[in-house]
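All remarks here apply to the structure that follows.
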Amino acid sequence: MKYWTIVYAGLTRKKWRTVLTISSIAIAFLLFGLLRSVAVAFTEEVDLAGDDRLVVMSKLSFIEPLPFSYWQRLKSIEGVKQVAHREWFGGTYQDRSNFFPKWPVPPKEYFEVYSDLIISEKEKNDFINTRTGMVVGQRLAERFNWKIGDKIPIMGDIYPKKDGEMLWTFDLVGIFSNPDNLNDEDQAFLNYYYFDEARSFGEGTIGNFVVQVDDKSDNERIAKEIDTMFANSSDETKTGTEASFSKMFASQIGDVGFIMNSILSAVFFTILLVTGNTMSQAIRERTSELAVFKTIGYLDSTILLLVLAESAILCLLGAIIGIGLALFLFFGGGLQDSLYGFFGDIAFKPAIIGSAMLLAILTAIVSGLPPAIFAMRLKVVDALRRN
């Protein structure tokens with residue numbers, strides 16, 4: 001208890017300095033928790049057995065189209081339950097700030113593969129039977145105050161019509177929802193058959209196929225069979241889970257994992273300097289006190305441990321606050337859903353918390369050891385003369 005009193009007195013000697021130091025460390029660990037969640041998702045191995053849907057894309061690039069004729073061949077593979085496909089439409093609704101994904105899809109098969117998208121049978125049938133049909137997510141419909149029966153004009157920026165017209169007009173025939181993932185409600189689906197017939201180029205191609213399997217334990221076998229089937233053809237394929245496709249899509253901006261880890265390295269280098277400077281300044285201000293401790297019998301090793309204890313409390317308290325805030329933002333603040341929309345399935349794993357605590361201890365040792373060694377080696381005569 002007497003040692004705790006000494007440590008507490010050291011920490012509260014300059015209260016605002018302690019508060020600001022802990023706040024800086026907390027911000028660093030807040031960033032650590034959030035950025036490491038993304039970095040881990042982009043650097044860990046993809047589990048092919050973790051999803052019942054596989055994405056088949058061109059081996060060259062996700063923007064390279066695949067022949068529509070692959071559809072029936074994919075359906076014939078043993079273990080495949082259903083196959084859908086989609087194409088990136090692009091386009092602008094009124095203003096470029098009104099961005100939302102727009103996908104031409106086969107109306108019937110797409111909602112069979114994505115059974116988690118909830119839509120009434122009537123609206124699904126209207127989508128199937130309406131040549132210019134469009135269905136949108138509930139959140140998207142609320143955002144623009146759309147109602148079934150509205151005509152939605154989309155100005156194309158990739159695909160003009162065969163007559164050269166860039167303006168596409170679609171009939172809103174359905175609104176779907178997904179309470180388990182609200183990000184799905186921020187997109188629109190267009191009738192692929194009308195799109196393919198009306199576009200001026202690329203007819204008979206699709207962007208990628210989505211293969212639903214009967215048993216996700218067969219994912220690896222089916223993925224290999226698909227890529228082997230189209231090997232050495234003019235349109236070779238690359239097959240993976242939806243999670244790996246989302247990561248690949250996001251990684252077009254760069255090596256996301258490397259970017260996140262680089263930011264964290266810079267942040268923690270700065271925090272090391274801040275914490276080290278705080279501890280060094282605190283020790284310099286208390287040289288006379290340390291001399292008194294040594295005079296009354298405190299061992300050099302005890303002085304060393306007392307200084308390291310101060311550093312450890314600063315770093316661990318900051319880490320606990322920072323990771324706590326990160327957990328709150330990730331789960332309570334809806335950040336996980338927001339990240340899913342761009343990066344795919346991002347998880348705040350227990351290993352991140354454990355590594356944060358280890359990093360806090362390491363930071364405490366690296367930043368606290370130099371001033372602790374200085375305090376341990378301090379001679380009583382020199383300390384008293386200095387003051």
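The values are calculated or read from the model by the stated rules, or taken from the named source; none is laboratory data. Only a predicted model underlies this, so the values are computations on that prediction, with no experimental measurement involved. When we count neighbours, we look across all protein chains shown, and the Cβ atoms used for this are built from the backbone with ideal geometry, even at glycine.
Here are some notes:
- Hey, I152 in a loop (DSSP other than H, G, I, E, B) and in contact with a Phe, Trp or Tyr (Cβ under 9 Å, 6 or more places away or on another chain) or not: no
- The set of residues in the range 109-139 being within 13 Å of F170 (Cβ to Cβ) and surrounded by 14 or more Cβ atoms within 10 Å (Cβ to Cβ) consists of D126, F127, T130, T132, G133, M134, V135, V136.
- From I323, I303, residue being modelled with pLDDT of 70 or more, surrounded by 15 or more Cβ atoms within 10 Å (Cβ to Cβ) and touching a Phe, Trp or Tyr at 6+ places or on another chain (Cβ under 6 Å): I323
- Meets criteria (closer than 20 Å to G90 by Cβ and assigned by TED's automatic domain parsing to the domain that holds K122) for G204: yes
- Positions within the range 136-168 being in contact with an Asp or Glu (Cβ under 7 Å, 6 or more places away or on another chain) and not polar (S, T, N, Q), in sequence order: G137, R139, L140, K151
- Answer from V211, V136 - the residue that is more than 28 Å from R73 (Cβ to Cβ), of a type in the set (V, I, T) and under 25 Å from the mean Cα position of the chain (by Cα): V136
- All conditions but one from (1) of a type in the set (G, A, S); (2) modelled with pLDDT under 90; (3) touching a strand residue (DSSP E or B) at 6+ places or on another chain (Cβ under 7 Å) apply to G79; the one that does not is (2).
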